[in-house]
Every structure is written in structure tokens, then in C-alpha cells.
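J.: Got a structure for you, written out below as C-alpha cells; questions coming shortly.
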Amino acid sequence: MTTIHNLGFPRIGARRELKFALESYWKGESSRDALNALGASLRQRHWESQQGLDLVPVGEFSFYDQVLDMSCTLGNLPQRVHGFHGDPLDNYFRVARGRSTESAERHQGCCGGVAAGEMTKWFDTNYHYIVPEFTSTTTFTLDPSRLLEQLAEARQQGVKAKPVIIGPVTYLALGKAKDDSDKLALLPALLDVYAQLLDTLAGQGVEWVQVDEPILVTELDQDWQHAFNLAYHQLKAARVKLLVATYFGQLQENRYLAANLPVAGLHVDAVGGQEDVLALLNLFPDHKVLSLGVIDGRNIWKTDLVAVLDWLEPIAARRGDKLWLAPSCSLLHVPVDLGSEQQLDAEIKSWLAFALQKLDELQVLAHALRGGRASVQDALASNAASLASRRASTRVTNPAVQQAVAAIDAGLGARKSGYVQRAAEQAALLKLPAYPTTTIGSFPQTAQIRQARGAFKAGTLDPDDYKRAMQEEIARSVCEQEALGLDVLVHGEAERNDMVEYFGEQLEGYAFSQFGWVQSYGSRCVKPPILFGDISRPKAMTVEWIAYAQSLTDKPMKGMLTGPVTILNWSFVRDDQPRSLTCKQLALAIRAEVLDLEQAGVRVIQIDEAALREGLPLRKSQWKTYLDWAVDSFRIAANGVQDQTQIHTHMCYSEFNDIIASIAGMDADVITIETSRSDMELLDAFDDFNYPNEIGPGVYDIHSPNIPSQAHIVELMTKAAQRIPAARLWINPDCGLKTRQWEEVLPALSNMVAAARELRQAA
Ligand SMILES: Nc1nc2c(c(=O)[nH]1)N[C@@H](CNc1ccc(C(=O)N[C@@H](CCC(=O)N[C@@H](CCC(=O)N[C@@H](CCC(=O)O)C(=O)O)C(=O)O)C(=O)O)cc1)CN2
Ligand SMILES: [Zn+2]
């Protein structure tokens with residue numbers, strides 16, 4: 001009999017309960033007990049809704065991040081938070097969020113300010129984890145308390161619990177050696193603690209433990225392959241059965257390694273990797289459990305159940321009870337419940353499945369395998385009808401858009417002249433000083449702004465009042481920027497709920513949910529819009545707001561857009577055509593907006609490509625194909641303008657060394673990037689490559705509440721000028737300021753402008 005299970009459940013809550021509880025606790029408005037109680041009730045509810053499964057994940061719930069949780073379990077919090085006198089939960093949040101010196105003084109004055117752990121992307125998702133920190137002297141000590149508490153809770157509820165942990169090799173691979181020491185040297189010590197942990201779980205009568213090793217879908221050099229063998233040969237002594245879970249892609253060349261690890265089971269991502277699975281089956285030992293992730297945990301489309309069954313039945317016949325079924329990965333990356341959606345178009349809704357619906361699909365598959373397809377005839381028929389409706393729907397296709405994409409030629413993505421010519425014309429028009437100052441786009445999204453929009457969407461604030469309220473916010477931003485003395489202004493993005501969702505809402509071919517929240521990091525969520533059909537732009541999306549902002553000032557106002565690649569990567573996108581094609585459609589829509597802005601007299605236009613880098617395939621061998629169509633799409637969006645129009649782009653995640661040629665290929669006049677934390681070292685890539693255009697290296701770490709001093713900014717820019725000719729440097733923060741408070745932003749920007757003036761005088 002086929003076993004069905006789940007790898008992880010979204011923890012934020014169907015109504016973002018966890019977000020609100022966390023933020024209230026952090027503000028000191030509610031107690032730790034209340035937060036703990038909320039956590040327990042969410043877990044209880046989530047386990048209840050997974051009742052139909054044979055094994056239910058336990059321990060993947062987290063108050064902030066599952067990787068940071070693992071660091072706690074392994075006793076590997078950074079040295080700087082050791083010796084904290086307060087509650088361990090507060091210390092956990094100190095690592096997650098940092099603590100400014102000032103707020104520490106306001107609290108108890110005992111433990112001082114502390115820098116947050118670095119945050120980075122979880123594989124190719126929009127989820128961010130807290131990077132484990134190592135040094136050559138790192139030691140590990142087991143703290144199983146969190147896992148044991150959640151296990152006890154689950155047991156009390158009669159849950160068939162399968163504890164989930166991050167595996168030792170992935171944990172090491174995702175961490176950072178702060179002293180550049182060899183992380184792998186820590187493996188033996190780490191394995192001792194994993195062995196103790198597994199032993200502790202065995203002592204609780206646990207049968208299966210899910211050990212997540214997604215690093216197995218990436219290219220591994222020999223040392224890391226060896227680490228896998230070493231790790232699991234040592235852990236095989238454990239008295240529990242291990243299910244090594246891989247996801248986010250195929251095993252490919254790691255197939256043999258994964259198949260032969262001395263563990264009881266292996267989970268693989270079978271979505272889009274059926275051939276890889278068949279190849280794996282040929283070398284997979286009969287006595288081991290193979291768990292197939294047949295339901296897409298990264299997207300929101302209904303599964304084609306009949307197609308999956310056609311493929312699965314022969315495998316099930318061959319493997320019997322050694323076949324398990326699950327979603328491809330943790331359901332962390334999809335919203336909780338489609339049933340909450342009251343406003344979603346009924347036809348489109350019938351094509352979708354969120355976390356709960358995906359688990360229902362899993363049940364149908366299990367019934368079909370156990371009792372024959374006839375036993376779930378109705379469910380299969382209704383699933384087939386939904387898919388047929390999606391395939392046949394005329395709303396998905398737009399012949400005019402398809403023709404426009406087919407007509408794209410190389411000329412569309414090329415500027416009229418080269419950078420040198422353009423730069424001269426732009427300088428004559430814009431008359432900017434040396435070291436021009438600007439910001440990345442957003443100003444603080446205050447509670448007031450969010451509430452106004454909430455009321456507008458709920459229908460309790462009428463559209464004119466909403467528009468007026470947002471215009472007031474724009475006017476406030478412009479006024480503050482003029483007072484600060486910035487050179488190129490922004491409107492502040494008050495009217496945008498999110499840099500991607502906002503555009504999704506205005507494009508044809510998109511649907512959007514009311515409650516489709518997905519955790520991005522900590523308490524921060526995004527509601528990815530749903531791209532279901534050919535994309536077109538019924539009317540201008542941003543021109544009115546930008547024109548209004550420009551009317552308030554004589555300084556140049558930047559038009560602010562999100563680029564096609566980022567819109568693609570941060571949406572739920574259709575799975576019925578290649579991503580590259582969808583991206584080209586988005587590119588044409590953004591291009592039309594760029595041209596409308598230019599027509600309206602906007603002289604500087606920024607097109608954010610924050611997610612260009614994160615969209616890189618996990619395997620390097622696939623990078624070139626992606627980068628080619630991604631850069632092409634950007635160029636189509638950006639490059640239809642006149643030479644005098646200055647195009648900016650922005651990328652907030654560092655590490656450009658290996659893709660610098662593609663970045664240069666975008667041919668933006670100015671690129672702003674995150675650099676403040678890397679002490680400008682990041683610019684080495686631009687220097688070595690002789691990057692030809694202008695660069696704004698971020699001088700202000702917007703993720704931290706700390707206010708950068710004028711001297712620090714001057715120092716950073718002096719380092720920048722050692723790498724890039726000063727005439728091509730801009731001064732700006734690392735990223736947008738939407739998550740900060742005005743009280744933090746004003747002094748920081750004031751120091752930034754003062755630093756620019758100091759540098760100009762020194763020149
Ligand atoms: N899509 C996307 N991905 C990204 C980023 C990004 O900006 N966008 N940035 C990077 C970091 N990720 C981030 C992700 C989210 C947020 C963020 O601030 N999210 C907000 C979203 C809030 C939101 O969209 N609110 C809506 C809904 C309004 C609403 O519900 N108002 C409430 C008020 C309470 C509230 O929600 O705050 C009400 O009326 O009851 C709006 O403004 O329209 C949050 O979680 O707090 C920041 C960074 C990487 N990935
Ligand atoms: Zn950014």
C-alpha cells in the first residue's frame with residue numbers, strides 16, 4: 001500500500017496569524033506566552049488539516065526560519081549572542097533580526113546591540129534563510145528541546161509524526177565560514193551531534209525522520225560527494241529510519257550517490273523530472289523506500305491526476321509498499337487554502353490548488369493506487385474537467401500578443417547609440433553634479449498607508465479619497481527629498497502593495513488572490529500574482545503617479561518599474577508554455593510602459609531586476625540559456641527609448657562575479673546594487689570586467705536599523721573610487737526603504753547627501 005506524506009506545511013497561517021503575532025510581540029504589545037500559544041494553536045490546526053496523511057511533518061514550524069531553528073538545535077548560534085541573560089526565544093530573535101545599540105539601551109542595557117545574521121535566498125525560491133556561521137573553532141552541542149516539544153504536542157493530538165530536520169551536508173553547505181576556514185573540517189563534530197539527535201528521537205519511539213538534503217540537486221564537487229557518504233555511513237547506526245529528502249530539481253549526475261546512501265528512504269522531486277526518476281529506478285535498491293514528489297509544491301495549478309496515474313501505476317505495481325507519494329517539496333512556498341478566496345474568478349479558481357487542495361490531490365492519487373481509479377471516479381472526472389477547461393479557455397490566449405512576440409527581432413532590444421554617446425546627451429540634459437545621489441524607489445510603507453489601502457480594497461475608503469491619500473504620501477516623499485538635497489528623486493511607491501503584485505493587478509493575463517500569502521522572510525510575506533494567460537497592458541500603469549510626482553519638483557523624477565524577469569520570477573506563472581516565452585510577453589508590456597513614461601516627459605526610468613540573479617538555475621550548466629533570454633527580455637523592455645533618456649536598473653542581491661558579462665549585456669546606463677555589507681569588495685567584479693557604464697554601489701544597509709555615518713559613507717565611496725572611475729559613480733542606499741521607518745531614513749539619507757558634498761569638494 002502506497003504511503004502518503006507531506007514534507008512541510010506553510011506556517012504563516014491562512015490569515016497571516018503568525019505575522020501579526022510576531023510583530024505584536026516584537027513591539028512589546030503582547031507576551032511571550034501569547035506568542036507561544038499562538039504557535040501551538042497554528043501547529044494544532046495545521047496537523048488537523050493533514051490528518052488524512054499516513055505521515056505528517058513535525059518540527060518544520062518555525063517562529064522565524066527553519067535554518068536558524070536548526071542552528072539552535074545544533075547549538076550553533078554566533079559567538080556574539082552568547083552570554084545573553086534573557087529568554088532563549090529573544091536571543092533567537094536577536095540573531096534573526098539584530099538589535100540596535102540604542103534599542104538595547106532602551107531595554108535593559110545588559111547585552112548591547114548585535115548584528116543580525118546574514119539572510120540569503122533559499123535555493124531558487126523567494127524565501128530567505130538566516131545563514132549559519134562557522135569558524136575553524138566552531139563546536140556543536142545538541143539542544144533538542146524545540147523538536148521534542150513539538151513532537152510531544154503532535155503525539156498528544158494523535159498525529160502520525162515524522163520529525164523533519166535539515167541534513168548535515170546541506171546545513172554545512174548553506175553556512176558561511178566567517179574566517180574562510182574549510183567548513184568540511186567541521187563535519188565529524190557535526191555528525192556527532194546529529195547522531196545524538198537521532199538517538200534522542202529514537203528514544204521517543206520515532207520511526208521515520210525526514211532529513212532534508214536539497215543540496216543534492218546541485219552540482220557537487222568530489223569533497224562534497226564524499227561528505228555525503230561519510231555522513232550517512234556514520235548516521236546509519238541510528239535506531240530510526242531516515243528519509244533523505246531532495247527537492248527543487250533533479251538528481252541527474254548525483255543519482256548514483258543518492259540512490260546508494262545507506263538510508264531507508266529517498267524522496268525526489270518528480271515534477272518535471274520523470275525521466276530522471278525512471279533512470280533512478282534502474283539503480284535504486286528494491287528494499288528502500290522511494291518517495292516521489294508528484295505534486296508541484298512551487299506552483300498553484302491543479303495536478304493532472306490522470307497523467308500522473310498513467311505514469312505512476314507501473315511504478316507502483318513494481319514497488320508496492322516501497323513507493324511513497326508526496327508534494328515535490330515543502331508546501332511553505334504556496335498559500336494555505338484556495339477555499340478562502342471569495343473574489344477570485346470562478347473559472348480561474350477551478351484551475352488552482354493551494355496547500356490544502358494539493359494534499360487532497362495526494363489523497364485521490366493514493367485511493368486510485370490502492371482501490372483502483374474507479375474508487376475515485378468523480379474526483380478524477382472533476383479534475384480532468386478543470387484541466388480541460390483551462391486548456392480550452394479563450395482567456396488564456398491572445399493572438400495579438402502571440403504575434404507581437406513572434407515579431408520580436410534583434411533590433412528591438414538595442415539602444416540607438418552606444419553608452420558614451422548616450423552619457424554625453426544625458427549629462428547635457430540632466431546637469432547632475434559629480435557623485436549624484438538618489439534612492440532605490442520605495443519610502444517607508446507606514447501602517448497608515450497599509451491601512452488606507454486595506455480600507456480601499458475593502459470598499460470602506462472611496463477611490464478618490466484613496467488616491468488623495470496616496471498623493472499626499474507622494475508629496476511628503478518629494479518634499480523630504482528636496483529638503484535632503486537629493487539629486488534624482490523618486491515618488492516613493494506608496495500606492496504599491498508590492499513591486500510585483502502591483503503590476504500583476506494591472507496586466508491582462510493575471511489573476512490575484514486575497515489571501516494567497518507566502519512567507520518571504522520572518523514575518524514578511526508576499527502575495528505572488530497568478531499569471532495564467534498571454535500578457536497585455538490595457539492601459540498605462542504608472543504614468544499618472546509619476547507625472548504627479550514630477551509636477552511637484554524641478555529635479556528629475558525617476559519613473560519606477562519592475563522588470564520582466566523579476567515579475568516572472570516573483571509570480572506564480574503558467575506551466576503550459578516555456579518561462580522564456582512568458583518573459584518576452586512581460587517584456588513587451590513593460591516596454592510599452594517605458595515608452596509612455598518617456599512620452600510623458602520622464603527623463604530617467606528605473607527598471608528593477610531584483611530577481612534576475614535568483615532566477616539562475618541551480619545547476620551552472622543551465623545558466624547560459626537562462627541568462628540569454630533574461631537579458632534579452634530586459635533589453636526589449638528597456639531599450640526602445642531615445643539616447644537622452646537615462647535607463648537605470650537595480651539588483652539588490654550581491655555576487656555578480658560569475659554573471660558580470662550578462663549584467664553588462666543589459667546595457668543599462670546606471671545600475672544600483674547592494675554593496676555596503678561587502679565593504680565594496682563586490683565592485684571587484686565590475687572593475688576586473690572593466691564594466692563600461694555607471695554604477696551606484698549601495699552605501700547604506702537598509703536591512704539594518706543602524707544609521708550609517710557620513711564618515712563611513714565617504715570611506716565606502718573612496719573604496720569604490722579605487723575600483724570604478726569617480727565620474728561613473730552614483731551614491732545611493734542598497735535597496736528600497738519600504739521596510740524602514742521615517743525616523744531611520746531621514747538621518748541616514750542626510751548623512752548620505754553630506755557625504756556626497758564632501759566627496760565633491762575633495763575632488
Ligand atoms: N514580491 C517581492 N519579493 C521580494 C521583495 C519584494 O519587495 N517583493 N523584496 C525582497 C525581500 N522580501 C520582502 C518581502 C515582503 C516585504 C513586505 O514588506 N511585505 C509586507 C506585505 C504587506 C502588504 O502587501 N500589504 C498589503 C495589504 C494591506 C493590508 O492587508 N492592510 C492591513 C493592514 C495590516 C498590514 O498588512 O500591514 C489591513 O488593512 O488590515 C498592501 O499594502 O496593500 C508584509 O509582509 O508586511 C518586504 C520584503 C525579496 N523578495
Ligand atoms: Zn532591492
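J.: For labels at THR135 and LYS27 in the simple 7 Å Cα→Cβ model, what's the distance in nm?
T.: Taking the simple label geometry, THR135 and LYS27 are separated by 3.8 nm.
J.: Provide the solvent-accessible area of ARG613, counting protein heavy atoms only and rolling a 1.4 Å probe, rounded to the nearest 10 Å².
T.: Rounded to the nearest 10, the figure is 50 Å².
J.: Residues in the stretch 1-19, backbone N under 12 Å from the label point at LYS457 (7 Å along the Cα-to-beta-carbon vector): list them, ranges by number please.
T.: Counting only backbone N, you get 16.
J.: Local charge sum around ALA434 (other residues, Cβ-Cβ under 14 Å, Lys/Arg +1, Asp/Glu -1)?
T.: Here the charged neighbours net out to +1.
J.: Within the stretch 1-76, which GluC sites (Glu not before Pro) sit in a loop by DSSP and count at most 11 neighbouring Cβ atoms inside 10 Å?
T.: GLU29
J.: Averaged per residue, what accessible area in Å² does the chain show with a 1.4 Å probe, protein chains only?
T.: Heavy-atom SASA per residue in the chain reads 38 Å².
J.: Using a 1.4 angstrom probe with every protein chain in place, what is the largest-first accessible-area order of ASP462, ASP54?
T.: Working: ASP462 75, ASP54 55 Å².
If we order ASP462, ASP54 from most to least accessible, we get ASP462, ASP54.
J.: Give, as a single signed number, the net charge of other residues whose beta carbon lies under 12 Å from the beta carbon of ASP310, with Lys and Arg counted +1 and Asp and Glu -1. Write out the running numbers ahead of the final one.
T.: Numbers: positive: ARG373; negative: ASP304, GLU313.
Here the charged neighbours net out to -1.
J.: In the chain, with Lys and Arg counted as +1 and Asp and Glu as -1 at Cβ, which of these residues, VAL631, SER654, LEU362, has the Cα nearest the positive end of the dipole, that is, farthest along it?
T.: The one lying farthest along the dipole's positive direction is LEU362.
J.: Right, next: In whole Hz, what ³J(HN,Hα) sequence does the stretch 382-398 give by Karplus (6.51, -1.76, 1.60; θ = phi - 60°), x for Gly and Pro?
T.: 5, 4, 5, 5, 4, 5, 5, 5, 5, 5, 8, 4, 6, 6, 7, 10, 9
J.: In the stretch 3-392, with Lys and Arg counted as +1 and Asp and Glu as -1 at Cβ, which of these residues, LEU172, GLY59, LEU187, has the Cα nearest the positive end of the dipole, that is, farthest along it?
T.: Highest projection toward the positive end goes to GLY59.
J.: Which aspartates and glutamates have a Cα less than 18 Å from the Cα of LYS288, not counting those fewer than 8 places away in the same chain?
T.: Candidates past the 8-residue exclusion: ASP54, GLU207, ASP212, GLU213, ASP269, ASP276, ASP321.
J.: While we're here: Would you list, by chain and number, the lysines whose Cα falls below 18 Å from the Cα of LYS176, excluding same-chain residues fewer than 8 positions away?
T.: Cross-link targets: LYS121.
J.: Dipole size in debye (nearest 20) for the stretch 3-392 around its Cα centre, Lys and Arg Cβ +1, Asp and Glu Cβ -1?
T.: Using Cβ point charges on Lys, Arg, Asp and Glu, the stretch 3-392 gives about 540 debye.
J.: A further question on this structure: Compute the long axis of helix 419-430 from its Cα atoms, compare it with the longest principal axis of the Cα atoms of the chain, and write down the angle in degrees, 0 to 90, nearest 10.
T.: Long axis of 419-430 versus the principal axis of the chain: about 60 degrees.
J.: Quick one: which residues, 5 or more positions from ASP212 or on another chain, have an amide H under 5 Å from its amide H? H modelled 1.01 Å from N in the peptide plane, none for Pro or chain starts.
T.: ILE165, ILE166, GLY167, ALA245
J.: Provide the net charge surrounding ILE130, with neighbours chosen by a C-beta distance below 10 Å and charges set as Lys +1, Arg +1, Asp -1, Glu -1.
T.: Overall, the nearby charge balance is -3.
J.: Right, next: Using a simple spin-label model with points 7 Å from Cα along the Cα→Cβ vector, what separation in nm is obtained for ASP192 and THR394?
T.: Label at ASP192, label at THR394, 7.2 nm between them.
J.: Okay, moving on. Tell me, what is the percent relative contact order of the chain, built from C-alpha pairs under 8 Å that lie six or more residues apart?
T.: Worked out over the chain, it gives 11 percent.
J.: Run the accessible area of the chain with a 1.4 Å probe and give the carbon-and-sulfur part as a rounded percent.
T.: Accessible surface attributable to carbon and sulfur in the chain totals 50 percent.
J.: Report, ordered by chain and residue number, the aspartates and glutamates lying within cross-link reach of LYS302, taken as a straight Cα distance under 15 Å and ignoring same-chain residues fewer than 8 apart.
T.: Straight-distance partners of LYS302: ASP337, GLU347, ASP360, GLU361, ASP575, ASP576.
J.: Quick one: which of LYS160/LYS322; LYS457/LYS555; LYS457/LYS539; LYS558/LYS584; LYS19/LYS358; LYS241/LYS620 span more than 26 angstrom between C-alpha atoms?
T.: Where the Cα-Cα span goes over 26 Å, the pairs concerned are LYS457/LYS555; LYS241/LYS620.
J.: Find the centroid of the Cα atoms in the stretch 610-626 and in the stretch 382-454, then give the distance between the two in whole Å.
T.: The stretch 610-626 and the stretch 382-454 have Cα centres separated by 20 Å.
J.: Which GluC sites (Glu not before Pro) in the stretch 666-699 pass both tests, a DSSP loop state and at most 12 other beta-carbon atoms within 10 Å?
T.: The qualifying sites are GLU681.
J.: Here is a further query. Ordering ILE707, ILE165 by accessible area with a probe of 1.4 Å, largest first, what comes out?
T.: ILE707, ILE165
J.: Which angle from 0 to 90°, rounded to the nearest 10, does the C-alpha axis of helix 187-203 make with the longest principal axis of the chain?
T.: Result, in degrees: 50.
J.: When N counts the residues of the stretch 3-392, how does its alpha-carbon radius of gyration compare numerically with 2.2 N^0.38 Å, as a ratio?
T.: 1.01
J.: I need the calculated FRET efficiency for the pair GLN421 and LYS624, taking r as the beta carbon distance and R₀ as 25 Å, to the nearest 0.05. Spell out each step's value before the answer.
T.: Working: r = 30 Å, r/R0 = 1.18.
In this case the efficiency is close to 0.25.
J.: Contact order normalised by length for the stretch 175-282, with contacts defined as Cα pairs under 8 Å and 6 or more residues apart; what percent is it?
T.: That works out to 27 percent.
J.: Could you check the spin-label model distance between HIS82 and TYR256? Points 7 Å from the Cα along Cα→Cβ, value in nm.
T.: It works out to 4.3 nm between the two label points.
J.: What do you get for trypsin sites (Lys or Arg not before Pro) in the stretch 27-92 restricted to DSSP loop and a cutoff of at most 12 other Cβ within 10 Å of the site's Cβ? Don't skip to the end; give the middle numbers.
T.: Values: sites: LYS27, ARG32, ARG43, ARG45, ARG80; in loops: LYS27.
Listed in order of number, the matching sites are LYS27.
J.: Could you estimate the translational diffusion coefficient of the chain from the Stokes-Einstein equation, with Rh from the Kirkwood formula over C-alpha pairs, at 25 °C and 0.890 mPa s, in whole µm²/s? Kindly include the intermediate steps, with their values, before the conclusion.
T.: Details: Rh = 27.5 Å.
The diffusion coefficient I find is 89 µm²/s.
The values are calculated or read from the model by the stated rules, or taken from the named source; none is laboratory data. Here the structure is a predicted model, which is why all the values come from computation and not from measurement. Every residue, glycine among them, receives a Cβ derived from its backbone with ideal geometry; neighbour counts consider all protein chains shown. Calculation scope for accessible area: heavy atoms of the full protein, side chains included, ligands and nucleic acids excluded. Shrake-Rupley method; radii C 1.70, N 1.55, O 1.52, S 1.80 Å.
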